[in-house]
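Structure, as structure tokens:
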Amino acid sequence: MTNAPKYNVFDVLKERGFIQQVSHEEPLRELLGKEPVTFYIGFDPTADSLHVGHFLQVIVMTHMQRAGHRPIALLGGGTTMVGDPSGKSDMRKMLTVEDIEENAKRFKVQFEKFLDFSEDKVIMDNNANWLLELNYVKFLREIGMHFSVNRMLSAECYKSRLETGLTFLEFNYMLMQSYDFLELYRRYGCKLQLGGDDQWSNILSGADLIRRVEGVDAFAMTFTLLTTSEGKKMGKTESGAVWLDPEKTSPFDFYQYWRNVADADVERCLALLTFLPMEEVRNLGALPGEKINEAKKVLAFEVTKLVHGEEEAQKAKTAAEALFGGGADLSNVPTTEITKDQLNDGINIIEVLTLTSLVPSKGEGRRLISQGGVLINNRKIEDIDHKITMTDFEKDGVLIKKGKKTYHRLVLI
């Protein structure tokens, strides 16, 4: 890590709309332009896959790495056992050690798709390696003495929870995350922590801890959360989060999610979630009227290509064109296979909706049908007792449409 950075990544991140808050902006910008910087982002493995909110952070890591800086992807095997209260109205569900370890392994596999791990260009560590063996009294004496309870309670991540109830378990989270930053500075010379803007208080306290304990400069920078133009968090659908794991969100559904973003969000998503040059991003975002759909197709293809590879992106694009453009190839539409024994004399539409995971429950299926939101082979279904039979199977199977934009295919094997 001796070569000077190829360009100042701070300017790139600013132009593309990532940067939200920075401690000591000018000194950090100068540092990022002058020398390679080791930085970190923490990821608590609370689920068995990264989701699109994490993807924004991975994109930032990639920008930083391409400019010549070294990322640390820190898995929160220790912090996950406590749970981050930021942005939560209730305490997080407690996971077992085994679940956390398994989730962390899955995260590592997904990171390897996006970052260059050759020649020590990325460090992966797990804060379980130091947090789980801490001596509590020693930790309080060495680290706790640097934290003011009054100041902690004024932090947004805690303030919003005081009315509903904040456990002492969660109250420790800021100290633990701050200690992570200190530990990474001592182990790897890490001087910068990045994260979503909801992490500002935690990140800032870590930089402050390093200054107090080690007497050196450390920096905090947060980036924008992935929200719509109306301020709502992106990455959620009726059936839950949009995951990076193709087993949890198929490449077709992933593609369709980005294909269907609001017109007002296209340019921002292109800037944040692709590596297209900003001139092209602005030109696509400025397309008038119906032409903005072309920009949405570019967005969907580029993001799907990054997450699932070019081949899967092309398949998703082909399937979407078949559905919406009158094409013939439906082979890449999400598909569920059933046997003739399962079909028997017919299979109830509610059972089909749950079998294909188009709805999370039978009650939701009944509600959807009553609202006219289910079509079979382009025919609206109005009876919750309707059965799909052999006569419904065409050459490509049975095409089920949920709402305006979600498709699924049922085929016989």
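Taking only the range 283-316 into account, find how many residues are crowded, with 20+ Cβ neighbours inside 10 Å and farther than 15 Å from C269 by Cβ.
Within the range 283-316, residues that are crowded, with 20+ Cβ neighbours inside 10 Å and farther than 15 Å from C269 by Cβ number 4.
Got a number for residues in the range 38-50 being surrounded by 19 or more Cβ atoms within 10 Å (Cβ to Cβ), assigned to a loop (DSSP other than H, G, I, E, B) and either out of contact with any Ser or Thr (no Cβ under 8 Å at 6 or more places or on another chain) or of a type in the set (A, V, I, L, M, F, W, C) (or both)?
Counting residues in the range 38-50 that are surrounded by 19 or more Cβ atoms within 10 Å (Cβ to Cβ), assigned to a loop (DSSP other than H, G, I, E, B) and either out of contact with any Ser or Thr (no Cβ under 8 Å at 6 or more places or on another chain) or of a type in the set (A, V, I, L, M, F, W, C) (or both) gives 2.
Which of the residues spanning the range 356-367 are surrounded by fewer than 18 Cβ atoms within 10 Å (Cβ to Cβ), farther than 15 Å from R409 by Cα and in contact with a Ser or Thr (Cβ under 8 Å, 6 or more places away or on another chain)?
P360, S361, K362
Can you tell me which of (1) under 30 Å from S49 (Cβ atoms); (2) in the same structural domain as R366 (by TED's automatic domain parsing) is the one F301 doesn't meet?
(2)
Working only within the range 336-350, note down all residues that are acidic (D, E) and farther than 10 Å from I388 by Cα. Give the steps one after another, and end with the answer.
Start the filter on the range 336-350 by keeping residues that are acidic (D, E), which leaves 337, 341, 345.
Selection gives E337, D341.
Would you confirm whether or not the range 18-37 contains a residue that is of a type in the set (V, I, T), under 18 Å from I59 (Cα atoms) and assigned to a loop (DSSP other than H, G, I, E, B)?
yes
Which residue pairs have Cβ atoms closer than 9 Å, lie 6 or more positions apart in sequence or on different chains, and pair a first residue in the range 100-127 that is in the same structural domain as L56 (by TED's automatic domain parsing) with a second residue that is polar (S, T, N, Q) and assigned to a loop (DSSP other than H, G, I, E, B)?
Qualifying pairs under 9 Å: I100/T46; N103/T46; N103/S49; R106/S49; F107/S49; Q110/S49.
When both residues are 6+ apart or on different chains and their Cβ atoms are under 8 Å apart, which pairs have a first residue that lies in the range 283-294 and is in a loop (DSSP other than H, G, I, E, B), and a second that is of a type in the set (S, T, Y) and surrounded by 12 or more Cβ atoms within 10 Å (Cβ to Cβ)?
Close Cβ pairs satisfying both conditions: none exist.
Every residue in the range 1-19 that is surrounded by 15 or more Cβ atoms within 10 Å (Cβ to Cβ) and polar (S, T, N, Q), please.
Of the residues in the range 1-19, the ones surrounded by 15 or more Cβ atoms within 10 Å (Cβ to Cβ) are 5, 8-10, 12-13, 16-19.
Residue satisfying the conditions is N8 alone.
Among the listed residues L330, L323, L353, L399, which satisfies the condition of being part of a helix (DSSP H, G or I), surrounded by 17 or more Cβ atoms within 10 Å (Cβ to Cβ) and either modelled with pLDDT under 85 or of a type in the set (F, W, Y) (or both)?
Every option except L323 fails the conditions.
Mind counting the residues in the range 177-200 that are over 21 Å from the mean Cα position of the chain (by Cα) and surrounded by fewer than 21 Cβ atoms within 10 Å (Cβ to Cβ)?
5
Looking at this structure, is T224 among the polar types (S, T, N, Q), over 19 Å from Q177 (Cα atoms) and in contact (Cβ under 8 Å) with a residue 40 or more places away in the chain? Give the derivation first.
Numbers: among the polar types (S, T, N, Q): yes; over 19 Å from Q177 (Cα atoms): yes; in contact (Cβ under 8 Å) with a residue 40 or more places away in the chain: yes.
Judged against the criteria, T224 is a match.
The values are calculated or read from the model by the stated rules, or taken from the named source; none is laboratory data. Fair warning: this is a prediction, and the values are worked out from it, not measured in the lab. Heads up, the Cβs are rebuilt from the backbone with ideal geometry, glycines too, and the neighbour counts pull from every protein chain shown.
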